[in-house]
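Worksheet: the structure to be examined is printed underneath.
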Amino acid sequence: MKNELKPCPFCGGKAAWCGDHDPNDIHDCHFIICSGECGSNFDTVVDDDAGTIEELRGIAATKFNNRIND
């Protein structure tokens, strides 16, 4: 799956794109949230001209999925 996310680095919960986890809150963005116990929110700083939402999510997923032990 394109832009697939690893589990939350804090609690191991399922990470999801903001707006994709709640059927009542449908919107596209590159923010990542944890639907597990910790409920963390992750924002990635990207250039304003990074492009489409898929390009933004690609950048955010790469940064989010980077782990020190990988």
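The values are calculated or read from the model by the stated rules, or taken from the named source; none is laboratory data. Bear in mind the structure is a predicted one, so any value in this text is a computation, not a measurement. All Cβ positions, even for glycine, are placed from backbone atoms using ideal geometry, and neighbour counts span all protein chains on display. The area values use the complete protein model at the heavy-atom level, side chains included, leaving out ligands, DNA and RNA. Shrake-Rupley method; radii C 1.70, N 1.55, O 1.52, S 1.80 Å.
Things worth noting here:
- Candidate residues 49, 43: accessible-area rank, largest first, probe 1.4 Å: 49, 43
- Between residue 46 and residue 31, the modelled labels are 1.5 nm apart [label points 7 Å from Cα along Cα→Cβ].
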